[in-house]
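Some notes on the structure that comes next.
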Amino acid sequence: MFIGLDIHKRYNQACVMSDSGEIVQEERFMNTAEELNKFLESIPDDSQIVIEACSVWEPIYEHIEEKGFDISLAHPLKTRLISESKVKTDKIDAESLAKLLRLGELPKAHVPDAHIRKLRGIIRHRLALVKLRVKVKNLAHSVLHKAGITIELTNIFGVSGMQFLKEVPLKPHHRFALNHYLSLIENINSLIDETNAYIENQARNIPEIEILNTIPGIGTYSALLLYAEIADAKRFPDAGKLCRYAGITSSVYQSGNTERYGHITKQGNRLIRWILVQCVLKTAMHPNAVRRHYYRLLKRKGSKVAKVASARKLLTYIHIMLTHNVKFEDLRVNSV
């Protein structure tokens with residue numbers, strides 16, 4: 001049997017299809033372990049199952065995998081391109097998945113092993129904490145703005161800045177709100193420090209992390225993020241495929257003899273794209289091929305184009321380093 005599961009946070013829609021393409025069962029059940037077990041018990045052990053990558057795919061995938069079923073993960077964007085329909089329902093989506101699986105035309109998404117999935121979880125947890133801290137800092141800035149307070153300090157939330165904020169004269173209602181935000185910032189800082197220590201511990205004895213750490217400007221967090229999000233550099237036949245996976249290649253419009261290149265596609269792993277752009281300026285502070293590439297483009301194209309193009313260049317070098325086990329300083333381009 002070929003089974004398409006259209007999964008959601010609260011419920012799942014299943015379509016069971018025979019070898020001949022006949023729909024033999026359609027069922028909707030709540031997204032709980034008990035209900036999923038009941039459904040799995042109702043299908044043959046040699047059934048092939050497919051789910052689509054979404055925010056809740058991991059626990060369902062792992063549960064079905066543990067039960068011994070052959071399960072695949074569908075690439076959501078490519079699946080929609082193949083089976084786009086003007087009428088879209090959960091039943092149709094589940095049927096489309098089952099049909100693509102039966103015909104051998106399912107566009108599969110890469111499923112990293114459990115170790116990589118756990119690393120991705122802690123990396124994204126730290127990112128969520130940092131985003132939360134930014135929101136709280138913005139709220140603190142709002143209080144200061146309403147109170148008419150202007151601070152000349154470079155780092156308003158550094159050690160001296162926090163001390164100043166705790167002592168600056170304010171009206172009672174402004175002081176009440178600001179104290180809460182400062183307390184939240186200190187608590188989040190503590191959680192980020194704890195997470196950093198956990199990340200440092202997880203990064204030990206991973207050869208790929210040691211290789212990535214040889215790139216100037218890339219620390220343990222950045223290296224672990226790149227390692228976890230790339231998963232296995234050797235699954236990409238060349239650096240261009242990895243750059244496309246990160247969505248850091250130019251879009252192309254081609255018709256007849258006309259060929260135009262536009263902005264980067266941004267259809268890919270946004271975290272790889274984000275961390276590369278963050279790191280490229282630090283890498284460009286040191287004498288190397290990325291620095292030369294960055295400043296050459298900076299003069300001609302401006303900072304935005306220079307950062308993105310240099311990030312793509314850096315990712316190309318990362319692919320070479322990880323696939324051939326080469327340190328950054330040993331790349332021939334750096335000796336030119």
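Across every pair of non-identical alpha carbons in the chain, the mean reciprocal distance, once inverted, gives a Kirkwood radius of 23.7 Å. Share of antiparallel DSSP beta bridges in the chain, in percent to the nearest 5? Rounded to the nearest five, the antiparallel share is 70 percent. The residues packed around K38, meaning those with a beta-carbon under 13 Å from its beta-carbon, carry a net charge of -2 if Lys and Arg are +1 and Asp and Glu are -1.
Inter-part distance, segment 262-336 to segment 146-221, computed on C-alpha centroids, equals 27 Å. Note on segment 115-204: Cα convex hull, mean projected area over all directions, 6.5 nm².
Put in line by how crowded their Cβ is, counting other Cβ atoms within 10 Å and starting with the fewest, R133, R312 read R133, R312. Which pairs in the list K108/K313; K9/K135; K108/K234; K304/K327 are over 19 Å apart, alpha-carbon to alpha-carbon? Result: K108/K313; K9/K135; K304/K327 exceed 19 Å. Karplus-based coupling profile of segment 152-158, in residue order and whole Hz: 8, 5, 5, 10, 5, 10, x, with θ = phi - 60° in 6.51 cos²θ - 1.76 cosθ + 1.60 and x standing for Gly or Pro.
Each value in this text was obtained by applying a stated rule to the coordinates, not by laboratory testing. Predicted, not measured: the structure shown is a model, and the values here were computed from it. Neighbour counts run over all protein chains shown; Cβ positions are idealised from the backbone, glycine included.
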